[in-house]
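Each remark here refers to the structure printed beneath this line.
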């Protein structure tokens, strides 16, 4: 009884109601999903009764509408797990070869994945793709990797869901992210090319700066930065405005919660994936409402191809992970509120980050004209910081008619952006 009373006295933590140290909001989310189980069961039965071609109910007047509505309800209330990479084969020198996914380095918060396939007769370039730790799983870069595989030996940072990391693994800060990148680069050097997509452009540039400052051997030949907040003051987007209009305390008190008991990371402080997903949807609510309405209509009209395209997109989009609280809050304060890197005030474990120390690695920055996450100029700002890189080894590409996701996925990435990246790596292959 005494222990219970002591726990109840801790009824408020970081601005959110708690019960025995577990934020009630996260627990309520789990309880809500459990409470929906009977309704989901009825929806599954309804979809079967009215949708199966051999069921007599499928001949009733509203069978298609009931089936479509049941299917839509199931998808909206579903919990989406991490998608599969699904990269089992690729084409090398005109022949199909198997791709084996192996873990090159297993860290508590990240697994370094190697997409191992048969070498080509040419000189395969080694690429480290640093995926963002910003809500979605690293599989969001599936198209990025798939396009690279025929010509390159590809490694990817596969970040672990924060709720799956036990407390005894310790905390994970932005400095730890930089340490991870440095360790991965050392492991894969020499003759390495580093590609960072969105958020990791900052820790990657910090890692490269520190390695150059320490005169470490085997620095990457090229670093390619795609749509990242090197200087978030330039062309601020809705994401930037949110970070600057709210005080740091608001993020810590409102968005940070503890993982419930059912997960390995019980009691770890995280920015929950379900809250991040709500934020993603809130940026374009009308678009998502229209997409789900169209999905319903496609099902009613038996437009299977369009319905399947919707499923593929939202299976990935709805799969989110919990971010470690320390890392998320560090990023908010140091990248989006105080702009440490562009102001020359960034330190990693008390070592000054000086991008001007990079002299041998070629720099290629890529931005999308219609990027609503990282505004134009934010990534290009890396050139103003990396003054030690000769002009002959620097390039910037503003891609017309492309948004944030189009930088690293889709037809324009495959046909326009990646060929430029490949040529840049070829050009600077010899350092």
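The values are calculated or read from the model by the stated rules, or taken from the named source; none is laboratory data. Predicted, not measured: the structure shown is a model, and the values here were computed from it. A quick note on method: Cβ atoms are made from the backbone with ideal geometry, for glycine too, and the neighbour counts reach across all protein chains shown.
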**Asked** Has segment 101-110 got any residue that is without any contact (Cβ under 8 Å) to a residue 24 or more places away in the chain, under 27 Å from residue 407 (Cβ atoms) and surrounded by 12 or more Cβ atoms within 10 Å (Cβ to Cβ)?
**Response** yes
**Request:** Inspect segment 281-293 for any residue being surrounded by fewer than 16 Cβ atoms within 10 Å (Cβ to Cβ) and on the phi > 0 side of the Ramachandran plot and give the result as yes or no.
**Result:** no
**Item:** Residues satisfying the stated conditions in segment 147-200, i.e. part of a loop (DSSP other than H, G, I, E, B) and farther than 30 Å from residue 93 by Cα
**Value:** 160, 161, 165, 166, 170, 171, 172, 173, 198, 199, 200
**Asked** Which of the residues spanning segment 361-379 are more than 19 Å from the chain's Cα centre (by Cα), closer than 12 Å to residue 398 by Cα and in contact (Cβ under 8 Å) with a residue 40 or more places away in the chain?
**Response** 364, 376, 377
**Request:** Could you grab me the full set of residues in segment 407-427 that are touching a residue at least 24 places away in the same chain (Cβ under 8 Å) and either crowded, with 20+ Cβ neighbours inside 10 Å or in contact with a helix residue (DSSP H, G or I) (Cβ under 6 Å, 6 or more places away or on another chain) (or both)?
**Result:** 407, 408, 409, 413, 414, 417, 418, 421, 424, 425
**Asked** Out of the residues in segment 59-110 that are touching a helix residue (DSSP H, G or I) at 6+ places or on another chain (Cβ under 9 Å) and part of a strand (DSSP E or B), which is nearest to residue 34 (Cα to Cα)?
**Response** 110
**Request:** Can you give me the ranges of the helices (runs of 4 or more DSSP H) entirely in segment 223-304 with at least 2 residues that are in contact with a strand residue (DSSP E or B) (Cβ under 9 Å, 6 or more places away or on another chain)?
**Result:** 248-255, 273-283
**Request:** Kindly list, by first and then second residue, each pair from a residue in segment 130-150 that is under 16 Å from residue 161 (Cβ atoms) to a residue that is assigned to a helix (DSSP H, G or I), limited to pairs with Cβ atoms under 6 Å and residues at least 6 apart or on different chains.
**Result:** 131/138; 131/141; 135/276
**Asked** Quick one: would you say residue 345 is free of Cβ contacts under 8 Å to residues at least 60 places away in the same chain, closer than 23 Å to residue 151 by Cα and surrounded by fewer than 18 Cβ atoms within 10 Å (Cβ to Cβ)?
**Response** no
**Asked** Pick from segment 377-406 the residues that are touching a strand residue (DSSP E or B) at 6+ places or on another chain (Cβ under 7 Å) and at pLDDT below 95: which of them is surrounded by the most Cβ atoms within 10 Å (Cβ to Cβ)?
**Response** 402
**Request:** Return a yes/no flag: does segment 313-324 have any residue that is closer than 18 Å to residue 79 by Cα, at pLDDT 90 or above, touching a helix residue (DSSP H, G or I) at 6+ places or on another chain (Cβ under 8 Å) and part of a loop (DSSP other than H, G, I, E, B).
**Result:** yes
**Request:** Answer yes if at least one residue in segment 330-341 is outside any helix (DSSP H, G or I) and closer than 21 Å to residue 396 by Cβ, and no otherwise.
**Result:** yes
